[in-house]
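The values are calculated or read from the model by the stated rules, or taken from the named source; none is laboratory data. Please read these numbers as outputs of a predicted model, since none were measured by experiment. Here the Cβ positions follow ideal geometry from the backbone for every residue, glycine too, while neighbour counts run over all protein chains shown.
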Amino acid sequence: MASLTSTDAQAVEESTTEQAELLVCHEKVASEEKRAADLDEESSACADKFQQAAFSLVKMKTAATAAAAARANATAAVATVVDAETGAAEEAAQQKQLRTTASGECDANVELQETRAHALGDQAKFKAETRIA
């Protein structure tokens, strides 16, 4: 009976060792499952942050495109204004030239009329003097 007891003791000891190893293995599995769950959660958080960053990038690109379009429109508007200003300056120069020319013609006409009036006066005086004599 002593050998049975020794075998039983050995079986109990092996069973206890296997149970201890099984318990350690279960603890490792639980630890790895928790770690996997934590990594999944972290992965989801990273994916959310990535999506937010991608959305922000799209918004920034859209804003940059709108700003570029606004700059292009402003440049076109400035060019239109500069063209109008140049045209107005040319028109003003032409108007000034026309006024100068018209003023010169007017002065010449006044002088011509004065000369004609003097000539007619001299002619009338001459006729008057020649009739008297």
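The residue list Ala108, Ala63 contains one member that is of a type outside the set (Phe, Trp, Tyr), surrounded by 10 or more Cβ atoms within 10 Å (Cβ to Cβ), assigned to a helix (DSSP H, G or I) and modelled with pLDDT of 95 or more, which is Ala63. Can you spot a residue in the range 82-89 that is of a type in the set (Val, Ile, Thr), at pLDDT 95 or above and surrounded by 10 or more Cβ atoms within 10 Å (Cβ to Cβ)? Within the range 82-89 (the criterion being of a type in the set (Val, Ile, Thr), at pLDDT 95 or above and surrounded by 10 or more Cβ atoms within 10 Å (Cβ to Cβ)), the answer is yes, since at least one residue qualifies. One residue is enough: does the range 35-52 have a residue meeting the conditions under 31 Å from the mean Cα position of the chain (by Cα), polar (S, T, N, Q), surrounded by 10 or more Cβ atoms within 10 Å (Cβ to Cβ) and in a helix (DSSP H, G or I)? Yes, there is a match, as at least one residue in the range 35-52 is under 31 Å from the mean Cα position of the chain (by Cα), polar (S, T, N, Q), surrounded by 10 or more Cβ atoms within 10 Å (Cβ to Cβ) and in a helix (DSSP H, G or I).
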